[in-house]
Amino acid sequence: MPYGLKNVFAERLSAKEKKIFEEKVFEKSCRSCHASCGDCHVKSPVVGGVNLGLIKGHKFIKRDESKTCALCHGGRVYPEYTGEYNGISDVHYQKGMMCMDCHSIKEIHGDGTPQLARKLLEYKNTCTKCHKPGSEKTDKAKEAHRIHDEGKVSCFACHVGGEYRNCYNCHVGEGSTSKPGFILGRNPRAKNQLTTLRIVPTVRDTFKKVGIKMENFDKLPNYWDSAVHNIKKRTDRTRNCDTCHTEKKNFLKKEDLIPNGSRANEELIFEFKK
Amino acid sequence: MEKAKKILVGLVLSIIFTVFSYADEFSYIISTEWLEKNLNNSDLVIIDIRKADVYKAKHIPNSINVLYSAWAIEKSGRKNELPEEDDLQDLITSAGINDKSLIVIVGNSDNITELVNMTRVAWTLYYAGLNKVAVLDGGFTKWEKEGRPTTTEIKKVKPGNFKIKLNRNIYADKDYVKSAIGKSTIVDTRMPDFFFGVSKLDFIDRAGHISGAVNLPSAWIFTKDGTYKSIQELEAIAQGVVGTDKNKEIITYCDTGRLSSGWWFVLTKILGYKNVKMYDGSTEDWAKDTTMPMSKYTWK
């Protein structure tokens, strides 16, 4: 499966639709999020036409995440991280850490080599760069991590603190609706791994207004792996095996799939081995 | 002459109050002057509960940042609840708190919520079994206004050795409060509109107050500039509502267990009331259960 929003999404389109998408959607919408130097170091980035202006007069600011990162990532990641979305702040934020305490300058600026997607960056941040497997303080944690190794279960699946924003039913020009949710299922990029999924609000007629039918809509699911930013050391899943192994709490089920969604969604339903 | 002497003694007492309570020798309300002089006291743990970005921009030297919402979490659909015991232990250890630590909570003081955030964190630490937890009078807002030193340097914290010993005597749950109606003094610390039942927050299921409660708003603790009122004034306000018997059981509550920490703190740590609990679940919990008695459109 390809990486990068544009490359992945293109799988849903015919050759003719790809051209329309480039012209009427990508340039006017997707690319408008991409920041320049000044958007992070001199003024806050313009989001949805809202311009908050200079960060601190005409000074060059090294970092001020709440006035820069927070604006582009203010729909999901940032308010989930600070707890403003659902009252569950991330353990790293609780201890005074901000975006760039985990996400390095290299990760943000790159090294001059064009990349197809941020997920392909070698120096992308991961939990295990700081929390080395085997360095756990208790035998219980060591054993739990050994059994649920990252190939089978992502860190997020166990350590996401609670519900996060899921957006539904997006239509060009009309936006989408959102509500809190918590979904565990197979990672669409690595089907053997259980992880936190987030609903991507693209529905069959999202781009109808611009003449895109998405002829290959069912090639991609409506749920995608998500690095949810409300991490907790202990959760109902880390405290009690039954939460997943007996109750199967928050696991994606057939009856919960979004109506009229992609046929690929069913592949993400996780069943325990009998 | 005698009258002048009395006035002088009163004045001196009032000044001393900002530094010392008469509960014991430890200062529960720390003045900015005292804190500046004691910044390098190795027993002092200054916990800044403001948001990480504002802390990073400017904070009191030697203070550490542990966000308010780490101490008062959302749990079982309720706001401002105690963390689980093991999580609370982790927070205390990672804040570098030792057996003999003197802890000072620092927040902003621009509004009543920020002011009682400090007392709520203090209550949580007392619940954990600590006994020397103070709040900074006027908070960071006053500190900054007075031009006292600030830094952007982040202090490295060595994990502390304090092991929590839960002090359940200061905690009340719904069943306990129900059994205390008619026996203890139940104190609603919200503003009168909420007590009387003409106003209610959206997430509160029923308007009004716990039947039999009295009203003593936490907003009345503070002056307009976000500092604590004088001991005489606080004592007069409190006595007019909860009486002078310092051994009688008092239970404070509000909507979510945040405002109520204000009077819990003042009654216990400043005025010397010996048996004060806080109903952590408060009206958010009480009003959900329709079998729990509530009264509205009455001051009784």
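The values are calculated or read from the model by the stated rules, or taken from the named source; none is laboratory data. Note that the structure is a prediction, hence the values are computed from the model and not measured. Counting neighbours? That spans all protein chains shown, and the Cβs are built from the backbone with ideal geometry, glycine included. Just the protein is used for accessible areas: all its heavy atoms, side chains included, with ligands, DNA and RNA removed. Shrake-Rupley method; radii C 1.70, N 1.55, O 1.52, S 1.80 Å.
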Given the condition closer than 25 Å to B:VAL66 by Cβ, open to solvent by 40 Å² or more (accessible area, probe 1.4 Å) and modelled with pLDDT of 85 or more, answer yes or no: does some residue in the range A:55-70 qualify? yes
Would you list the helices (runs of 4 or more DSSP H) that sit entirely within the range B:212-300 and hold 1 or more residues that are of a type in the set (A, V, I, L, M), farther than 25 Å from B:LYS132 by Cβ and open to solvent by 20 Å² or more (accessible area, probe 1.4 Å)? B:231-242
Per-region count, the range B:164-184, residues farther than 30 Å from B:THR93 by Cα, assigned to a loop (DSSP other than H, G, I, E, B) and open to solvent by less than 50 Å² (accessible area, probe 1.4 Å): 1
Please state which of the following conditions A:LYS233 fails to meet, knowing it meets all the rest: (1) within 18 Å of the chain's Cα centre (by Cα); (2) closer than 30 Å to B:LEU91 by Cβ. (1)
Mind checking whether some residue in the range A:245-268 is within 14 Å of another protein chain (Cβ to nearest Cβ) and open to solvent by 40 Å² or more (accessible area, probe 1.4 Å)? no
Looking at (1) outside any loop (DSSP other than H, G, I, E, B); (2) surrounded by fewer than 15 Cβ atoms within 10 Å (Cβ to Cβ), which is the one condition that is false for B:VAL187? (2)
Does any residue of the range A:168-180 turn out to be surrounded by fewer than 16 Cβ atoms within 10 Å (Cβ to Cβ), farther than 25 Å from A:ASN86 by Cα and among the charged types (D, E, K, R)? no
Could you look through the range A:80-119, keep only residues that are among the hydroxyl-bearing types (Ser, Thr, Tyr) and more than 14 Å from chain B (Cβ to nearest Cβ), and pick out the one that is nearest to the chain's Cα centre (by Cα)? A:SER104
Tell me, which helices (runs of 4 or more DSSP H) wholly within the range B:22-130 include 1 or more residues that are more than 14 Å from every other protein chain (Cβ to nearest Cβ), out of contact with any Pro (no Cβ under 8 Å at 6 or more places or on another chain) and among the β-branched types (Val, Ile, Thr)? B:32-37, B:112-127
Do we have any residue at all in the range B:69-80 that's among the small types (Gly, Ala, Ser) and under 24 Å from B:ASN41 (Cα atoms)? no
